[in-house]
Structures are given as C-alpha cells and as structure tokens.
1. Which members of the range 18-39 meet the condition of being surrounded by 24 or more Cβ atoms within 10 Å (Cβ to Cβ) and assigned to a helix (DSSP H, G or I)?
2. Looking at Leu218, Leu181, Leu146, Leu246 in this structure, which one is away from the ligand (no atom under 11 Å from the Cβ) and either among the hydrophobic types (A, V, I, L, M, F, W, C) or under 21 Å from Gln125 (Cβ atoms) (or both)?
3. Which members of the range 111-152 meet the condition of being in contact with a strand residue (DSSP E or B) (Cβ under 8 Å, 6 or more places away or on another chain), part of a loop (DSSP other than H, G, I, E, B) and either modelled with pLDDT under 95 or not small (Gly, Ala, Ser) (or both)?
4. Among the listed residues Ala172, Ala196, Ala168, which satisfies the condition of being more than 15 Å from the ligand (Cβ to nearest atom), closer than 28 Å to Ala72 by Cα and either in contact (Cβ under 8 Å) with a residue 60 or more places away in the chain or not in a loop (DSSP other than H, G, I, E, B) (or both)?
5. Looking at (1) more than 16 Å from the chain's Cα centre (by Cα); (2) not in a helix (DSSP H, G or I); (3) not acidic (Asp, Glu), which is the one condition that is false for Ala230?
6. Kindly indicate the residue of the range 54-79 that is charged (D, E, K, R) and assigned to a helix (DSSP H, G or I) and also nearest to Gly157 (Cα to Cα) among those meeting that condition.
7. Can we say Met316 is of a type in the set (A, V, I, L, M, F, W, C), closer than 16 Å to Val249 by Cβ and outside any helix (DSSP H, G or I)?
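The values are calculated or read from the model by the stated rules, or taken from the named source; none is laboratory data. What you are looking at is a predicted structure, and each value in this text was computed from that prediction instead of being measured. Ideal geometry is used to build each Cβ from the backbone, glycine not excepted, and the neighbour counts take in all protein chains shown.
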Amino acid sequence: MTALPPGSTIGILGGGQLGRMLALAAARLGLKTHIYAPEADSPAFDVSGARTIASYDDEPALTAFAKSVDVATYEFENIPAKTVEFLAKLIPVRPGAKALACAQDRMNEKTLARQLGAMTADFAQIDSLAELEKVLDGGFAIPCVLKTRRFGYDGKGQAKILKREDAASAWASMRDQPSILESFVNFTYEVSVVAARGADGEFRAFEVTENEHRNHILYRSLAPAHIPKASRDEAILIARKIAEELDYVGVFAIEFFAEVNGATTTLRVNEMAPRVHNSGHWTEDGCETSQFEQHIRAVAGWPLGSTAMTATAAEMINLIGDEILEWPAIAADPGAYLHHYGKKEARPGRKMGHVNRRLAKPPQGG
Ligand code: AMP
C-alpha cells in the first residue's frame, strides 16, 4: 500500500490510555485520529480531534466513523469480532480479523504457538464440570489453572486448582463460559516481545522485556531482559513466525514464561496481545521509536522506525490507583519520565499512569 500522507485520519476503536498514547504519537507525525468508544469519559478523547461515543454494535455510528477515517485500528482485543468485520467491508482495518480472532481465544493462541514449534503450558479445552473432572482424573497434572478462553485480562477469569476437590469451585467461577485448563508453569521470570510488522511485511522487534507482576497486574518492566542471547533470539523468532502466520500489520506483544534449569532456559508462550502493550511502554523514553509511533507507522503504511535503544537499559513502573498521587515527586525527579493518563477517578487496581527511567546499567532481574 502507499503510505497515508500527513493530514490523513486514523480511526481508533477503544478510548483508554493505549488509544490516548496512539493518538499522541499520530499527532507528532501529522496524522489525525478519530476515537470510537462507548464511554463518555474515555482518556483518549482529550487528545484526539474527533470522537464518537457509541456502542460497538451501533451500525449507523460505525458507518459514519468509517466514512470519516482512512484506516482503522483498535487498542484492545475485546472489541467484538463483528464490529471489525463490519468495518472491514468499508475501510482497511489493521491488524485484520484473523489476528483478532486468534488473540481473542486462549485455545487458538496456544494451538497456533504449538503449530509453529513453540512451547506452551500443557492445555485442554474445558466446556463443563464433567469435562474438567474427566481431564483431571485422566492425569492432567495438579496444580493447574482454569481460565476463561475469552475476555480475561490482568488475572481476571482465572482459578487455580491446587487439589482435585477445587475442581467444582474453579468451574463455578468460570460461569459456564468456554474455558481452558493450563498446567501451572513454575517460571523463574516472565518476558515479553513487543514487535511490529509493517504493511509491506517488514518485521522489527524491540528488545525483549522482563516483566514483574503484583496482584496479577504488571508492576514493572525492565529492558533488555536478563535472558541468555539464544533465548532472546528464540523469543523474537517465535514472535516473527506468529506475525507472519497471521499476516499481521501493526504492533503486538507475545508474553512468555521463562523456566531456568541450570544452564537451560525454556520459553513457553503464555498469550498474545494484538495491540500495543503495557510491557512496551518503556519504549516511549528508551527507544528511537516508541511502540505507539511504530503502530501508527505500520497501520498508515509508513516504513517502520528504528527499535534501537537510546539507553543501556530502561524501566517502566505502572502507577496504579492512588499511586498516581505521587505525581508531584515524580515530576520533580529529573530522571523520571511521567506519563499521566488524565483519568479522573483513581479506583483501586486502575492503571492511572506510568513512569519511565533510563538506566545506566543493565537490569539485574531473572
Ligand atoms: P494471563 O492472564 O494468562 O496473562 O495470566 C496473568 C498472570 O497469571 C501471568 O502473568 C502469570 O503470572 C500468572 N499465570 C497465568 N497462567 C499461568 C500458568 N499456566 N502458570 C503459572 N502462572 C500463570
């Protein structure tokens, strides 16, 4: 495709902080954005020239939105597949429906990863309590984790099974939704690859990032990850294979569990996000091109930017709930890059902002 010239408009489905940072990155390149989101107080509205407040199944609103943009993208993967299919008949949507369908379902993600030769946790499809009990009695190793196949994030829709008797309560917490049982991975650390594939098929990955979670929510990312070079290359190769298989256009993230046994590091794919990702926020201040600019470049058909780091290492710490109240101290710290999402209400567990820092030394994680 030919590159969309400055002045063109990118439509973004979803109005959270990811949409906000995408809109800011687009503006820097002279591209306009139109945010489509159901919530009237969407943080992305503050920084975008056009907005539509409507539900994702409002066809007249979607049609008007399509008429006003040159290309559409999305900032979260729980956009109904039907919405993307509807829009795709009117305008290009990047990434496409195939990538979205894969990433919306944990069974599809893990099956694809296995097909491409990557390792994952052992897994089984579970659609009833009887099925769960049969799989467990058939020898599926305990401890394990039951998860809804769709619409889970930040540990929501998950139940640990520590003993056979937990099966009934774990299944009850799935509320009859199609589920997946996963073996519990005794990982040493978690890493992610945030990468982009351009409209012309060019692939570029950011440095592999090491991620620390607290209460199932990402707390800190460090780049580059403390990971052997061969595992770093393996993780990036898996990301590339997945992107090529899905004919992907845009930025995406693949999360991995890393298990260290002596000199061996085993990587297992956990999940894929078909969008810019929280573990890539450090690129805003630690890379030549941020993940947000990279996504806009890919979606607009521009050449991808350099993913070289601008510091030896970089870290990102999320500001969750009341932690955002620390902004005056962070703003006074000359080494801190504050990103405030402009959300009015600091509810517990809500991502309110983040702070990036460039580090002189590589991180000591792992
Ligand atoms: P997810 O929603 O799949 O990203 O899971 C959220 C977090 O729960 C992960 O980042 C892990 O820390 C933990 N977790 C999820 N699945 C597993 C598993 N199969 N084994 C061990 N920990 C897990």
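1. Once the filter is applied, which keeps residues that are surrounded by 24 or more Cβ atoms within 10 Å (Cβ to Cβ) and assigned to a helix (DSSP H, G or I), the range 18-39 yields Leu18, Gly19, Arg20, Met21, Leu22, Ala23, Ala26.
2. Numbers: Leu218 fails: away from the ligand (no atom under 11 Å from the Cβ); Leu181 fails: away from the ligand (no atom under 11 Å from the Cβ); Leu146 fails: away from the ligand (no atom under 11 Å from the Cβ).
Selected residue: Leu246, the only one of Leu218, Leu181, Leu146, Leu246 that is away from the ligand (no atom under 11 Å from the Cβ) and either among the hydrophobic types (A, V, I, L, M, F, W, C) or under 21 Å from Gln125 (Cβ atoms) (or both).
3. If the condition is that a residue be in contact with a strand residue (DSSP E or B) (Cβ under 8 Å, 6 or more places away or on another chain), part of a loop (DSSP other than H, G, I, E, B) and either modelled with pLDDT under 95 or not small (Gly, Ala, Ser) (or both), then Asp122, Asp127, Phe140, Ile142, Pro143, Arg149, Gly152 are the ones that fit.
4. Unique residue meeting the criteria: Ala196.
5. Condition (2) is where Ala230 drops out.
6. Among them, the one singled out is Glu59.
7. Numbers: of a type in the set (A, V, I, L, M, F, W, C): yes; closer than 16 Å to Val249 by Cβ: no; outside any helix (DSSP H, G or I): yes.
Taking the combined requirement at face value, the residue does not satisfy it.
Every residue, every condition in (1) buried (at least 23 other Cβ atoms within 10 Å of the Cβ); (2) touching a strand residue (DSSP E or B) at 6+ places or on another chain (Cβ under 7 Å); (3) of a type in the set (Ser, Thr, Tyr), yes or no:
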| site | (1), (2), (3) |
| --- | --- |
| Ala199 | no, no, no |
| Glu212 | no, yes, no |
| Ile217 | no, yes, no |
| Ala225 | yes, yes, no |
| Glu245 | no, no, no |
| Val260 | no, no, no |
| Thr265 | no, yes, yes |
| Pro274 | yes, yes, no |
| Trp282 | yes, yes, no |
